[in-house]
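Read-outs throughout are calculated quantities, based only on the coordinates presented, and are distinct from any laboratory measurement. In this text, all values refer to a predicted model and were calculated from it rather than measured experimentally. Counting neighbours? That spans all protein chains shown, and the Cβs are built from the backbone with ideal geometry, glycine included.
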Amino acid sequence: MKDTRLPALPALSARYLRYVMAFGVTLAVGLAPLLGGRQIRLPGFVAFLDFFPISMQRWLVPFAAFVMAMPAIAVQFYATEIVAKRHLRGVFRIGLGVMAGMLLLLCSLYTLFTLQVSIPGTSRLATYVIAAAPRTDCACGKISIEQCVGDKVSLNPVEVEGCFPSEAVRLRKLLLAVTYLFFMSGFGTVIGSLILREEVERRRPPKERLPRIEEM
């Protein structure tokens, strides 16, 4: 019988494969509850991506997973290096600043660029990215888009977004996506700097104690 088994990888290539699978797959699976989307939902917890349109969630989840993998790879690399605390403080401040700034920007862009409509018969909301003004050939006519969706225009995202200039909708999706990815990058950087700081403290040799002078 013909042997169909694949030859084993050399030691370094096997380690490379293990690292690729760990940072590219295992980490992404572990982050699934945080990243959100339709894959995993935890009771009482709502991820940022759950507020985004479903069409954006499908491609933002893998992008966000790789963005979060980059700080994890950096932590693994620098864990054996001698990193000064002042450098870690600088990285932490930068990450925290990016995180706070992108969070405020994301809230602002989300408020300006999205529309939420109640789905009849449920307590759920459908989210759409819209432009400032609808097209003249939109079925809504002079009715506001909030009142029109679900009545003259179905809840289908293609029909709702079709009421607005496609270039404007794509640009707004891009701005929302990039802002979200920068926010997640800042979050990962902050967590990574915390881990490196703990590692530096763990490897620090114990301070030599001064001998006690007994009183005469």
(request) Could you identify the single residue in A84, A47, A65, A79 that is within 15 Å of the chain's Cα centre (by Cα) and under 23 Å from L196 (Cα atoms)? (result) A65
(request) Please work out which residue is surrounded by the fewest Cβ atoms within 10 Å (Cβ to Cβ), limiting yourself to the stretch 164-199 and to residues that are basic (K, R) and in contact with a helix residue (DSSP H, G or I) (Cβ under 7 Å, 6 or more places away or on another chain). (result) R197
(request) Mind counting the residues in the stretch 1-21 that are outside any loop (DSSP other than H, G, I, E, B) and either in contact with a helix residue (DSSP H, G or I) (Cβ under 9 Å, 6 or more places away or on another chain) or of a type in the set (D, E, K, R) (or both)? (result) 3
(request) Run down T111, T122, T127 and say which single residue is farther than 14 Å from F52 by Cα and hydroxyl-bearing (S, T, Y). (result) T122
(message) Every residue in the stretch 80-125 that is part of a loop (DSSP other than H, G, I, E, B) and not small (G, A, S), please.
(response) T80, E81, I82, V83, I119, P120, T122, R124
(message) So P62 ticks every box in (1) surrounded by 13 or more Cβ atoms within 10 Å (Cβ to Cβ); (2) part of a loop (DSSP other than H, G, I, E, B) but one. Which box is left unticked?
(response) (2)
(request) Report the residue count in the stretch 77-95 for those that are among the small types (G, A, S) and closer than 22 Å to L181 by Cα. (result) 2
